[in-house]
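See below for the structure under consideration.
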Amino acid sequence: QIQEGTAEWQKIANEAARTIPGRENGGNCDIKNLSRGSKVYLPVFVEGANLSTGDMHFSQGDGEVSFCGAIEMSGFLELKCEIIRGGMKEYLTPVGPTALHVNPIFEIGPVEPRFSEWLVFEGISVDESGKQHFLDASVAYKRAVLNAIEYLSRFGYSKEQVYLLLSCCPCEGRISGIVDAPNAVATLAIPTAIFDQDIKPKRLGHGPKLRRLPDVLR
């Protein structure tokens, strides 16, 4: 109801805490391991600050790569809240020019998907055009996802199906190398048990639905 361009609109635009991204006071973290039994330590910047919680995910992969690709669900959340007086000063050292340059701390709960066998795809910070992005972990993770999509599309799935699958299945994403310039290395681990066929590389002709092997494996 506030007219765009007015002083009040400008004040809200400049000062409001947007909840779409993960941010200093929590925000939309979308960390798949924050399930039942987790503890979240949130910095509080405003006296009398309120607490709100957002959308529940039935299942999600690290990165939620297709943006709204997790399996959303309805439900209720039972919370117990405590205030640690002076906790920010005691436990959180700002890494930046202001007191706002801190972030939440989490304890992962005991309830999460557990798998024993994974197929892991690597990506480095070189984009599809061959341009090198110096230690850019976002590019490296994107490349790991694209490599997984290309590989799994050889098993009878469309690339669109794999793209959505990687957003909602409990895959594990990691920054696996950030110290060896110029390439950041990211990995995406996919649990093999979620498939109804064996997706591991095999000798030519031994895969049940494998149309053709990736060129690198010939």
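The values are calculated or read from the model by the stated rules, or taken from the named source; none is laboratory data. The structure displayed is predicted, hence computed values, not measured ones. Backbone-built Cβ (ideal geometry, glycine too); neighbour counts: all protein chains shown. With ligands, DNA and RNA removed, areas are computed over all heavy atoms of the protein, side chains included. Shrake-Rupley method; radii C 1.70, N 1.55, O 1.52, S 1.80 Å.
Less than 5 angstrom separates the built amide H of L119 from those of I190, T192, all sequence-distant by 5 or more or on a different chain. Solvent-accessible area per residue in segment 118-194 equals 49 Å², computed with a 1.4 angstrom probe and all protein chains kept. Database remark: amide H of M56 closer than 5 angstrom to the amide H of M73 (H placed geometrically; neighbours at sequence offset of 5 or more, or on other chains; Pro and chain starts carry no H). For the chain, with all protein chains in place and a probe radius of 1.4 Å, 54% of the accessible heavy-atom surface sits on carbon or sulfur. Taken about its Cα centre, segment 1-110 carries a charge dipole of roughly 260 debye when the Cβ of each Lys and Arg holds +1 and the Cβ of each Asp and Glu holds -1. Non-local lysine pairs in the chain, meaning eight or more places apart or on different chains, with alpha-carbon distances under 27 Å, amount to 17.
Solvent exposure of segment 1-110, expressed per residue, is 80 Å² of accessible area, with all protein chains present and a 1.4 angstrom probe.
What the phi angles of segment 55-60 give under the Karplus curve with 6.51, -1.76 and 1.60, with θ = phi - 60°, is a coupling list of 3, 8, 10, 5, 7, 7 Hz, glycine and proline written as x. From the Cα gyration tensor of segment 79-166, with a ≥ b ≥ c the square roots of its eigenvalues, which class applies: rounded if a/c is under 1.5, or else prolate if a/b is larger than b/c, or else oblate? Oblate, because a/c is 1.5 or more while a/b does not exceed b/c.
In a reduced charge model with +1 at each Lys and Arg Cβ and -1 at each Asp and Glu Cβ, segment 118-194 shows a dipole moment near 100 debye about its Cα centre.
What do the square roots of 5 times the Cα gyration tensor eigenvalues come to for the chain, in whole Å, largest first, as semi-axes of the equivalent ellipsoid?
On the way: eigenvalues 292, 92, 68 Å².
Equivalent ellipsoid semi-axes, largest first: 38, 21, 18 Å.
Exposed loop sites were defined as GluC sites (Glu not before Pro) in DSSP loop states (anything but H, G, I, E or B) carrying at most 13 other C-beta atoms within 10 Å; in the chain the longest segment without such a site runs 129-218.
Relative to the longest principal axis of the Cα atoms of the chain, the long axis of helix 159-168 lies at roughly 40 degrees. When +1 charges are put on Lys and Arg Cβ atoms and -1 charges on Asp and Glu Cβ atoms, the dipole computed for the chain relative to its Cα centre reaches about 800 debye.
Based on DSSP H runs of at least 4 residues, each adding -39500 (n - 2.57), what is the mean residue ellipticity at 222 nm of the chain after dividing by all its residues, to the nearest 500 deg cm²/dmol? Write down the numbers at each step before the final one.
Details: 4 runs with 40 residues, N = 218.
When only DSSP H runs of four or more count, the value is -5500 deg cm²/dmol.
For the chain, the longest principal axis of the alpha carbon atoms and the long axis of helix 137-152 meet at an angle near 40°.
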